[in-house]
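Written below as structure tokens is the structure these notes are about.
The numbers here are math on the coordinates, done by the rules we state, and not lab data. Note that the structure is predicted; figures quoted are calculated from it, not measured. Glycine gets a Cβ as well: all are built from the backbone with ideal geometry, and neighbour counts include every protein chain shown.
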There are 4 protein chains.
Amino acid sequence: MSKLKAAVIGATGLVGQNLVKILSKHPWFNIVSLFASKKSAGRRYCEAVKWYMDHSLPDDIGEIKVEYIGNVEGSYDVDIFFSAVPSDIAAHIEPELARRGYAIISDSSIYRMDNDVPMIIPEVNPDHLRLINEQRKSRNWSGFIVKTSNCTAAILSLSLKPILNLTKIERIIISTMQSISGAGYLGLPSMAILGNIIPYIENEEEKIECESLKILGSFYNGRILPAQFKISASCNRVPVYEGHMINVFLEMNNEIDAIDVIKAMETFIGLPQKLNLPTAPQRPIIVRKEPDRPQPILDKEASNGMAIVVGRIRNDNIGKQYLKYVVLGNNMIRGAAGTAVLIAETLKAYNFSIEYF
Amino acid sequence: MSKLKAAVIGATGLVGQNLVKILSKHPWFNIVSLFASKKSAGRRYCEAVKWYMDHSLPDDIGEIKVEYIGNVEGSYDVDIFFSAVPSDIAAHIEPELARRGYAIISDSSIYRMDNDVPMIIPEVNPDHLRLINEQRKSRNWSGFIVKTSNCTAAILSLSLKPILNLTKIERIIISTMQSISGAGYLGLPSMAILGNIIPYIENEEEKIECESLKILGSFYNGRILPAQFKISASCNRVPVYEGHMINVFLEMNNEIDAIDVIKAMETFIGLPQKLNLPTAPQRPIIVRKEPDRPQPILDKEASNGMAIVVGRIRNDNIGKQYLKYVVLGNNMIRGAAGTAVLIAETLKAYNFSIEYF
Amino acid sequence: MSKLKAAVIGATGLVGQNLVKILSKHPWFNIVSLFASKKSAGRRYCEAVKWYMDHSLPDDIGEIKVEYIGNVEGSYDVDIFFSAVPSDIAAHIEPELARRGYAIISDSSIYRMDNDVPMIIPEVNPDHLRLINEQRKSRNWSGFIVKTSNCTAAILSLSLKPILNLTKIERIIISTMQSISGAGYLGLPSMAILGNIIPYIENEEEKIECESLKILGSFYNGRILPAQFKISASCNRVPVYEGHMINVFLEMNNEIDAIDVIKAMETFIGLPQKLNLPTAPQRPIIVRKEPDRPQPILDKEASNGMAIVVGRIRNDNIGKQYLKYVVLGNNMIRGAAGTAVLIAETLKAYNFSIEYF
Amino acid sequence: MSKLKAAVIGATGLVGQNLVKILSKHPWFNIVSLFASKKSAGRRYCEAVKWYMDHSLPDDIGEIKVEYIGNVEGSYDVDIFFSAVPSDIAAHIEPELARRGYAIISDSSIYRMDNDVPMIIPEVNPDHLRLINEQRKSRNWSGFIVKTSNCTAAILSLSLKPILNLTKIERIIISTMQSISGAGYLGLPSMAILGNIIPYIENEEEKIECESLKILGSFYNGRILPAQFKISASCNRVPVYEGHMINVFLEMNNEIDAIDVIKAMETFIGLPQKLNLPTAPQRPIIVRKEPDRPQPILDKEASNGMAIVVGRIRNDNIGKQYLKYVVLGNNMIRGAAGTAVLIAETLKAYNFSIEYF
């Protein structure tokens, strides 16, 4: 099987670097182009990027000359674009690329809630990929855009999926402790967060509250019917480097024993596991039994950052229709770059034939 | 007015040091004795203590010779004892002191849930001090023990009081982000918490869940009827030096507008404010309107750590009977040492005549 | 004595806020004007500033309407200006104010090394204030500019002064661990420094190496003859909020016993102490005997941040002409705002009559 | 080649865990026994250990039943022991094992400075392994003990080796910023170090000052003649997880251009590289040209923690016989466990025939 030609847009940012890291040693994809801002264009990637990771940048990737995509004036020998640019820039690039026939997997937040744009976690809602047909029809595109979700919504929704297989949920309350990498490399001044907590992340609660309902909704008759539970979030930034932690409180329709939830999570697998996709973790959810797990420094690299780690699954003292647990996910990998690649693998596994989903 | 003679038991610990700091410049109390472990006994306090605070230890206090109280064999020229020792040690000391006629204000957790032991936040439940009568009767003591509560329960309960003046509450969910000082100076290895979160604090959730109901309960016929709402907590340790943060989610019996809650909190005062007690903050609850407050490093010293700081008071998107907010309190001061001193002031203001409450 | 009218330029920055904090309760100065960027102009100070300190902003100061000074087109009812703006902005403002007769005490780095500009630590080189005469003559100004030095140079130079009273120094090597506040509020992204060290601060080593020699130089015949020792620095940024730490290694001309250095430091006082100036610490150098001091969190507030704290004064194992010690100073206070105010007090104590120095 | 049977003593500690991690996938060694304290004995390793690393503990290793070695009463089917226990425990174990014929590579500090005990960095002084003959003779042992050095001494000495190939050094001054992992998992309370610096590490300066001279000394006539330069250290603990940083200042006998030092470091290889040993990094010294490197979070994993990373190599402004640079090394790997394994590989490469060195 010859490799697909992949391009990364926004290759010098944090998510972009994670995409480059994953794709640089990928069995199915081959990085052929790296796009970044005008300032970086023309320089070798190793010079343009402030490589923030403790893994070496592969030499051959470092030699790629960074390009500036502007308003997509050029023509590209690329099979699939991975986009990790801010929303205002994505608005200029992504629809135009899709119009011209390219496949785009995008981590930027714009268009996520559009009716005809699938927002995918391959273990949770691969059938939503069928929206691509609606998207192409309604917009008259030969290409398409698929979105990953907000990182916290991704981690939360993946943890909820096996529970929703057991019972309906009435109401969800979450409190998040999100790492500084979620704000981007320059997002948070150190004076603001060292030894501190900021109990607010702009627009984050709104994103989590609506995106989760879409992800966990059902594809019906060409559109997504959102999930019916209520969800309320309070989001906090904490002085942690990588990994988002969520305290989850559930009110369910029925009494459920925590033991059954543990079992459901531990045994949960999705399409990527069935297809044995290269980036798929063996188990997308790892359940830890120790009382003090998950923890960011110990668990953020679980299955290369592709597994979420759940702990403290317990019924509330009020009654068995109440459940609480803690979940940690790698916001850069499972919350963005890794899921984007896993989506691409899912599509590729069916040769981009949407009807299979 | 001559000053009361005060002693601190457990004077070298974190809470003990905060007691010493507050009492050392107090208009009503005079430190006459400092008790600590056998190891410290006989040394000057300035030598025995590893003074962790960025304020200087007053010279005269530093010269006090530390004593070992053992099983309370001695006799003490002391009017009031402040106790800040671990529970197992408190069990040997506090009942014996009370039996022998001393007044004890204690920050240790043992006996807190005993039927005849008042657990007090002077702004919230000063009338519970009437339990002292029951305690003396049932135990045949001439002295008495009054307890402060768990630090998080204190901060939470104080924030709830003005809301309970407006409406009944059905259910409370809290997620806490607690500072390392809450674990004591040696409590948390740096390897465990630097850049990390530990989503578990032993026994903390249980304490918060039951102590809050007692604090907010009502004194009736010689005992405390616990408050009737349900409460569920998930507790986390975060790399913050001082100050506990709580995300609070309320389900109330009625629809309440967040604006009314803001007003109720801002105007709330309690008995210490009415009595103008020396340690009482002008307002026990400070409401911040900025979207990103409270924050530990900015708000933990509010009113010398005696005011809690509340922010982000907002109705839930689900409906107006749901409310959420964030509250921060200084765990060392409002959560322990400061409240202990405020209790002593409250008692002293009425010359320890319990019938006034 | 009626208070002098003081203005702060750059009032919303970190150093500006510290100036406002110190001046807001000063017995000799009265804040009458606060200047900041165009963006802040016209707003009340309490709205314009992101007050970063854990002390409350005084209400009356918060009500002052912030002004924009531009290129100094206005006329100001101000006796003394405190300037805390970046160098490029200072270049537009400071000379023009001085030309028009105002006294300026400036924390910005521009002009520091000019021959006729005094760079002052009042305990160390108050006689350098005589340069003001040269400055006025050579520039034909009726006002004048006095500079504080680089924060690390200030802390180092103050610690060296009592040693230079004992012996000549041949060579100084320093390694610094500087807090994030030294880079300004927005200076350092949290991703860059959380749990990390950056062994480089742009231009810092050069500033320390040349400014220290000027500060410790001697006023002779209308100019400063720089000190004659050699100095070499290596500067590091560390995840500390406030307070710069320096490891100092000295090679002296003579053998000196560490005990004599300890005594010289402990007994050292300067002009501000003799004049009993309001901001002067009782002792500008505090010597700690514990093996593990100074430490930023414990010592940065020593004497309200105006005393430097020295520890581990010891001869090298090589021989007694080698000495090493550790010194910590509050970079915001002793390294900038506090020293600026102390300079103003020194000048005011002599009614700005330069001939007294 | 069949694998050698390896045992780790002190397997649950931080260095022990790193030994287990490296050996668990080693081509030449096979972990057959894990020893720990009495408390851990009899439990499976995965239960006994608080596995602190973000890499998974291999399943088969986790199943090994931990043993207690006591005073070495048993008999062991082991070819090589790796010891990572505190010195007081090492004193009971190591000599007795050596007496009974076992090979011990030890990370504990006891015996390091003994005349007949080699303290080895395989790239720097493999010829010191010849001391094993002296050791056996003088102590009448059939086995032997080889030591790694203090972690900071190891990192420093490796960085000095290529410079000493160019010139004699007169005097070395170092200031260290050492990570918390160097103190062991329970070594440093978080209250002591979060947002702080401790400018003191007990006995560390003494160890560095004497061990470096031994490592860089020369084997002559059955003993080590220590290197002749003078060395002076000031050691600091900083809130960094892993990786020790050193500011190095050299006074050399001759003028040396920094460029020549850079070249010497970049091209430096030692015996492990020539032998192509499994754990040997391709280059033991990586030179970074960026002005702000090395940094712990970016460089501590260089070549799996086996390469030290040097930056800011520059001549002093005083003159070309003065040089300064910054070096970072992984204290757990290059400073302890990794070097221990590299020593074992070096010995094994010659089938433990000492005469080859």
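Summary of values
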item: Phi-based couplings in Hz for region A:108-114 (Karplus 6.51, -1.76, 1.60; Gly and Pro marked x); result: 7, 7, 4, 6, 4, 8, 5
item: Rg/Rg_globular for region B:139-226, with Rg_globular taken as 2.2 N^0.38 Å and Rg from C-alpha atoms; result: 1.38
item: Per-copy distances of the B:N133 label point, shortest first, in nm (7 angstrom along Cα→Cβ); result: 7.9, 8.3, 9.5
item: Within 10 Å of each Cβ in B:174-187, the average number of Cβ atoms from other chains; result: 4
item: Longest segment of chain A lacking GluC sites (Glu not before Pro) that sit in a DSSP loop with at most 13 other Cβ atoms within 10 Å; result: A:74-201
item: Under the Debye formula (equal points on every Cα, no solvent term), log10 I(q)/I(0) of region D:243-331 at q = 0.11, 0.14, 0.19 Å⁻¹; result: -0.32, -0.51, -0.87
item: Restraint check, B:K289/C:K39; B:K65/B:K348; B:K21/C:K3; A:K39/D:K324; A:K300/A:K348; D:K50/D:K300, Cα-Cα greater than 29 Å; result: B:K21/C:K3; A:K39/D:K324
item: Amide H contacts of C:V240 (H built 1.01 Å from N, under 5 Å, at least 5 apart or other chain); result: C:I180
item: Two-decimal Rg/Rh across the protein assembly as shown, once Rg and the Kirkwood Rh are taken from alpha-carbon atoms; result: 0.97
item: Student exercise, region C:151-330 dipole from Lys, Arg, Asp, Glu Cβ charges, in Debye to nearest 20; result: 400
item: Using θ = phi - 60° and Karplus 6.51 cos²θ - 1.76 cosθ + 1.60, couplings along region C:98-106 (whole Hz; Gly, Pro as x); result: 5, 4, 8, x, 8, 8, 10, 9, 10
item: Where rotation carries B onto D, the chain B residue whose Cβ is nearest that axis, in whole Å; result: B:S190, 2
item: Euclidean distance between Cα centres, region C:310-355 to region B:273-287, Å; result: 40
item: Cα gyration tensor of region B:1-80 - equivalent ellipsoid semi-axes, whole Å, descending; result: 18, 17, 10
item: Where trypsin sites (Lys or Arg not before Pro) fall in DSSP loop in region A:1-80, at most 16 other Cβ within 10 Å; result: A:K3, A:K25, A:K38, A:K39, A:R43, A:K50
item: Charge dipole (chain C, unit charges on Cβ, about Cα centre) - positive-most of C:S303, C:Q282, C:Y356; result: C:Y356
item: Sequence-distant residues sharing a close amide H with D:E170 (under 5 Å, placed H); result: D:E251, D:M252, D:N253
item: Cleavage-rule hits, trypsin sites (Lys or Arg not before Pro), region D:86-147, DSSP coil, Cβ neighbours within 10 Å at most 15; result: D:R100
item: Chain B, relative contact order [Cα under 8 Å, separation at least 6], %; result: 17
item: Amide H partners (placed H, <5 Å) of B:C235, local residues excluded; result: B:T176, B:I201
item: Integer Hz, Karplus 6.51/-1.76/1.60 couplings in order for region B:188-199, x for Gly and Pro; result: 10, x, 4, 4, 7, 10, 4, x, 9, 10, 10, x
item: Nearest-first distances (nm) between copies at C:Y220, label 7 Å from Cα via Cβ; result: 4.7, 9.0, 9.3
item: Copies compared at B:N30 - label distances in nm, ascending, label defined 7 Å from Cα in the Cβ direction; result: 4.2, 7.9, 8.9
item: Whole-percent pair-distance distribution, where bins are 10 Å wide, for the alpha carbons of region D:73-135; result: 20, 55, 24, 1
item: Shielding by other protein chains, C:199-210, mean Cβ within 10 Å; result: 3
item: Relative counts (whole %) of C-alpha pair distances in region C:151-330, using bins that are 10 Å wide; result: 10, 36, 37, 15, 2, 0
item: Cleavage-rule hits, trypsin sites (Lys or Arg not before Pro), region A:233-335, DSSP coil, Cβ neighbours within 10 Å at most 13; result: A:K289
item: Region D:151-330 - percent relative contact order, Cα under 8 Å, separation 6 or more; result: 27
item: Pairwise centroid distance, computed over Cα atoms, of region C:247-270 with region D:124-178, Å; result: 35
item: Gap separating the Cα centres of region A:42-84 and region C:37-57, nearest whole Å; result: 41
item: Å³ per residue enclosed by the Cα convex hull of chain A; result: 130
item: Shielding by other protein chains, D:247-258, mean Cβ within 10 Å; result: 2
item: FRET efficiency, 1/(1 + (r/R0)^6) with R0 45 Å, evaluated for C:Q273 and B:K38 via beta carbons; result: 0.55
